[in-house]
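Notes for the one structure printed next.
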Amino acid sequence: MKRMEIFGTLKKDMDAVERSLYASIEVESEALGEAAMHLLKAGGKRLRPAFVLLGGKFGTYELDRLQRIAVPLELIHMASLVHDDVIDNAQTRRGELTVKAKWDNRIAMYTGDYIYAKALEIVAGLDDPRIHRILAKAMVEMSIGEMEQIRDFFNSGQSIRRYLLRIRRKTALLIAVSCQLGALAAGASKEAARELYNYGYNVGMAFQIRDDLLDLCGTEKQIGKPPGSDIRQGNITIPVLYALQEESLREPLLSEIGRIHEANGRTDVSSAVAMIRNSTGIAKAEELADRYTQKALAALDRLPDIRARRHLRDIAHFVSRRTY
């Protein structure tokens, strides 16, 4: 999957970040190195590094310093994906075999651990304790979010509030701190760092809801995995929760979810996907994602009107309408 091509003036610096990412995972262990490289070559949008660099534009922009945050944040994101794929028993991601599918669960778990460790090693080069505290807290919250997702597998009775708290921890926080830490590392004002955090949090929430929608409404070519992967793995997402609120649909959809659960996900999910696609759950989830996008744009309006703000606005619009 290609990186987003909307950064314009950031392309040179994003290319430098990409080179640093490749350099960061060089390791003597052949198995670890191959697995980490496989994950990196699968691509990604590189949203988190871009947010770090754009956050840095609101202060004194120094690429070398910002790279010590941009690279670790992308590595943390990558490591979480490796661990996710083990928990979800996922075979493909971004159209490529996952590390656990290409090797095995043990290699995948150690690869994820190694990538986490490399992230911490790189960020240790920064002497600002605020950065370390914020990053450590975000990683703790991410771990809690992962455990909550496991706890809620096939839990059709979970509340929407519980779902939103989970995606806050799993996705939105890391995007929020990417924006915030870029600003702090560049010596931007506390006010700018706060609004950038608010922007990133709301973009992150919209991003995850859009991801949940794509899993149900996208094609395998678009999303790099079979549609309905979430429900097959037991991940009950916001369109499903909204669909379950429809009285006429609730019992047949619960029956389908129960059947998928009994089969441990090793069954056809097309009937459940069709039910959800034909429900009001899709429109309601899209409306919720749009509300988060509008909150993100409102936070931008409280920031200085510089080119980076316009790039951040472009990203928010990209997230709200992305098809991959």
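So what is the 222 nm mean residue ellipticity for the chain from helices alone, if each DSSP H run of at least 4 adds -39500 (n - 2.57) and you divide by all residues, rounding to the nearest 500 deg cm²/dmol?
The helix contribution divided over the chain gives -23000 deg cm²/dmol.
Which angle between 0 and 90 degrees, to the nearest 10, do you get for helix 105-123 versus the longest principal axis of the chain when only C-alpha atoms count?
30 degrees
Report Rg (one decimal) and Dmax (nearest whole number) for region 175-324, counting Cα atoms only, units Å.
For region 175-324, the Cα radius of gyration and maximum Cα-Cα distance read 18.4, 55 Å.
For residue 225, list the aspartates and glutamates whose Cα falls under 16 Å from its own Cα; do not include residues on the same chain fewer than 8 positions away.
In chain and number order, the partners are 84, 85, 88, 96, 211, 212, 215, 268.
Just round it to a whole percent: the fraction of Cα-Cα distances in region 84-227 exceeding 19 Å.
63 percent
In a Gaussian network model over the chain where Cα atoms closer than 10 Å are linked, find which of 23, 124, 90 has the largest mean-square fluctuation.
23
Using Cα atoms only, what is the angle between the long axis of helix 281-300 and the major principal axis of the chain, expressed in degrees (0 to 90) to the nearest 10?
10 degrees
Helix 190-217 sits at what angle to the longest principal axis of the chain, using alpha carbons and giving 0 to 90 degrees rounded to 10?
Roughly 30 degrees, rounded to the nearest 10.
Normalized C-alpha radius of gyration of region 63-125, against 2.2 N^0.38 Å? Present the calculation step by step, with values, prior to reporting the outcome.
Working: Rg = 12.9 Å, N = 63, 2.2 N^0.38 = 10.6 Å.
Expressed relative to 2.2 N^0.38 Å, the Cα Rg reads 1.21.
Given axes a ≥ b ≥ c from the Cα gyration tensor, I'd like to know whether the chain is rounded (a/c under 1.5), prolate (a/b larger than b/c) or oblate.
Because a/c hits 1.5 or more and a/b fails to exceed b/c, the chain counts as oblate.
State which entries of 102/221; 12/102; 12/284; 12/41; 41/190; 100/295 exceed 31 angstrom in Cα-Cα distance in the structure shown.
Correct reply: 12/102; 12/284; 41/190; 100/295.
Values in this text are rule-based calculations from the coordinates and carry no lab data. Keep in mind that this is a model prediction, so the values were computed, not measured.
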